[in-house]
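Written out below as structure tokens is the structure these notes cover.
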Amino acid sequence: MAEKISRKIPNIMATQHPDNAGVPFFKQDNDPFVSAYNEIDEAFNNFSELDADEYMWDWEGKHADAAVIDRLYSEDYEYFKDNPLGSDKFLTFRFPNIWEEKGYSLMQAMTTILSAEDFAKDLGFSQRPLFEAILPMTKSAAQLEKMADKYSALARFKSEEFTDGYKNDPLIQMIPLFEGFQSQLNASDILDDYLKMHQEHLHERPEYLRVFLAGSDSALSNGFMNSIIGNKVALTKLAEFSDREQIPVFPIAGTGSTIFRGGLSPKRITRYLEEFPGLKTATIQSAFRYDYPLAEVKKAINDLRTGLQKSQAADISDEDKQILVNVAEKSANYYHHTIDQLIKDLQPVFDAFPKRRDRRQHVGILAYSRQVDGYKMPRAITFTGSLYSVGLPPEFIGFGRALVSLNAKELGVFVKHYPNLKKDFTELAGWINFDALKTLSENNPGWKEAIEDIDDLRAILQFQTDHSTEQQEEHGRLASDLVKVSDPDTKTMIIEKQARLRKFLG
């Protein structure tokens, strides 16, 4: 449907996902770590140097600077006078999900939004700098409504008790983040409920909806084949919902540089637009921004923005949707059977994985982690990078056996809707290291299942598994070393070297 609304929709969202191998261009030292304090400078440089439309300020499972608006407007007032937050550039909070983690930072995030409104008004800005927030792991419309109600109650309390003569806007626009396969498939049902609640509470429908689809955590939970199918079907279903309800819907995808996590890097703009039709906002994560030459990154951002503005959702028939869902569920079964066996072997690699941000640790009352089949899992970047580092790109796990199991019709539908299938796995094959996998498989049959996945894909797609570049050869040698050493510091050093060769941490 026509997408005419009263605000600019950002196409390029920079995020704080810690997947960079190299040093950010704005840092003066040689340290790739970005502290919570550095993130203010990062936000400004992503706006001013990279021309990102939006920057996600993350309160979920990490430390965040509550003085973000004070510092941005105080330190870079002239820039934001010409490029005001809330109308030209956007800073969007990701709230903690109080149903999934301790919500200590939720009130702080909400009061930051309210005080930012006051500060901007005092500086003469007409637009609220912050007015929407992302809810991770959204499971229902009731959760979205509950968060909006909490914000409204806090805004009214502040206006009555702490603001002399000025009342804060009590409304906040919630952006649901759908992370799991089923929640993505059911997104339109949740949105339908949300529209009804919005109408009942505010006596009007929202002007538009922004909807966030995860790429990383869905792949971590159910494997790459399941994740990419979930994203594709969800994008089509959101477009159908938009047409049916006559309300503009602007999908966002949370995707990283690795193909496992979505495959958005400066080298793959065309591929990305082909695989995610109908997308309107893409997340450029840290590896995209900091592991390639600055000029290449800027050109990629321009090309990506142009492509997103033109992008239209794919038409997937109901029959094809059902076939794809069946394929996705089949692949998830293979993935789970294998990954459950690998976790114990991977734990020392997870523990040695280098850090790039101030994140909460998975200990004590602030413990924050995903679970798969009852196992506490690391975050998706650590998981992905660890498997690459031992010579097994995680895209292969479960994918090969699932592909072999498909009948002719299923295979035809899947290949039709995944146009870059052969190209992706031909590229991924260069990061396999069979020597490392052989070492790991001596005491764990799960690694043999992963090798079977590789062999099945190689037989079907006819790609070579030789290392085609010097970087891949060196990466393979390091993988062979990594699976044999026990010293954690040595493991960390090897992983760091491999990440620079790959141009992403995880």
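In the stretch 204-234, which residues are outside any helix (DSSP H, G or I), open to solvent by 10 Å² or more (accessible area, probe 1.4 Å) and either at positive phi or charged (D, E, K, R) (or both)?
Within the stretch 204-234, E204, R205, E207 meet the criteria.
Does Y77 qualify as being open to solvent by 30 Å² or more (accessible area, probe 1.4 Å), among the hydroxyl-bearing types (S, T, Y) and modelled with pLDDT of 95 or more?
When the stated conditions are applied, Y77 passes them.
Only residues in the stretch 114-128 that are farther than 17 Å from E75 by Cβ count as the first member; pair them with residues that are charged (D, E, K, R) and surrounded by fewer than 15 Cβ atoms within 10 Å (Cβ to Cβ), Cβ under 7 angstrom, at least 6 apart or cross-chain, and list the lot.
Within 7 Å, the pairs are E117/D169; R128/D169.
Mind checking which pairs have a first residue in the stretch 235-257 that is over 17 Å from P176 (Cβ atoms) and open to solvent by 10 Å² or more (accessible area, probe 1.4 Å) and a second that is of a type outside the set (F, W, Y) and not in a loop (DSSP other than H, G, I, E, B), Cβ under 7 Å, 6 or more apart or different chains?
Listed by first residue and then by second, the contacts come to nothing, as the list is empty.
Taking the condition within 22 Å of T15 (Cβ to Cβ), open to solvent by 20 Å² or more (accessible area, probe 1.4 Å) and more than 21 Å from the chain's Cα centre (by Cα), does R156 pass?
So R156 does not fit the description; no.
Quick one: which residue in E132, E117, E145, E100 is open to solvent by 50 Å² or more (accessible area, probe 1.4 Å) and either of a type outside the set (S, T, N, Q) or at pLDDT 95 or above (or both)?
E100
If you take the residues of the stretch 317-362 that are touching a strand residue (DSSP E or B) at 6+ places or on another chain (Cβ under 9 Å), charged (D, E, K, R) and part of a loop (DSSP other than H, G, I, E, B), which of them is surrounded by the most Cβ atoms within 10 Å (Cβ to Cβ)?
In this case the residue turns out to be R356.
Just to verify a result, which residue in the stretch 255-295, among those that are among the aliphatic types (A, V, I, L, M) and not in a loop (DSSP other than H, G, I, E, B), is nearest to F212 (Cα to Cα)?
The extreme case among them is A282.
So, in the stretch 429-457, exactly how many residues are part of a helix (DSSP H, G or I) and surrounded by fewer than 17 Cβ atoms within 10 Å (Cβ to Cβ)?
Matching residues across the stretch 429-457 total 7.
For the list (1) of a type in the set (S, T, N, Q); (2) closer than 30 Å to Q322 by Cβ; (3) not in a helix (DSSP H, G or I), I need the number of the one condition that T426 fails.
That leaves (3) as the condition not met.
Show the residue pairs that are 6+ apart or on different chains and have beta-carbon atoms under 9 Å apart, the first residue being within the stretch 429-443 and among the aromatic types (F, W, Y), the second being outside any helix (DSSP H, G or I) and modelled with pLDDT under 95.
Hits for this filter: W431/H467; F434/T465.
Restricting attention to the stretch 151-173, which residues are among the hydroxyl-bearing types (S, T, Y) and modelled with pLDDT under 95?
S159, T163, Y166
Considering only residues that are aliphatic (A, V, I, L, M) and either at positive phi or assigned to a loop (DSSP other than H, G, I, E, B) (or both), which ones fall in the stretch 125-144?
Correct list: L130, M137.
I'd like to know if the stretch 7-29 contains one or more residues that are open to solvent by 40 Å² or more (accessible area, probe 1.4 Å), touching a Ser or Thr at 6+ places or on another chain (Cβ under 9 Å) and within 25 Å of S74 (Cβ to Cβ).
yes
The values are calculated or read from the model by the stated rules, or taken from the named source; none is laboratory data. Nothing here was measured: the structure is a model prediction, and the numbers come from that model. Note: ideal-geometry Cβ built from the backbone for every residue, glycine included; neighbour counts use all protein chains shown. Note: areas computed on protein heavy atoms with side chains; ligands, DNA, RNA excluded. Shrake-Rupley method; radii C 1.70, N 1.55, O 1.52, S 1.80 Å.
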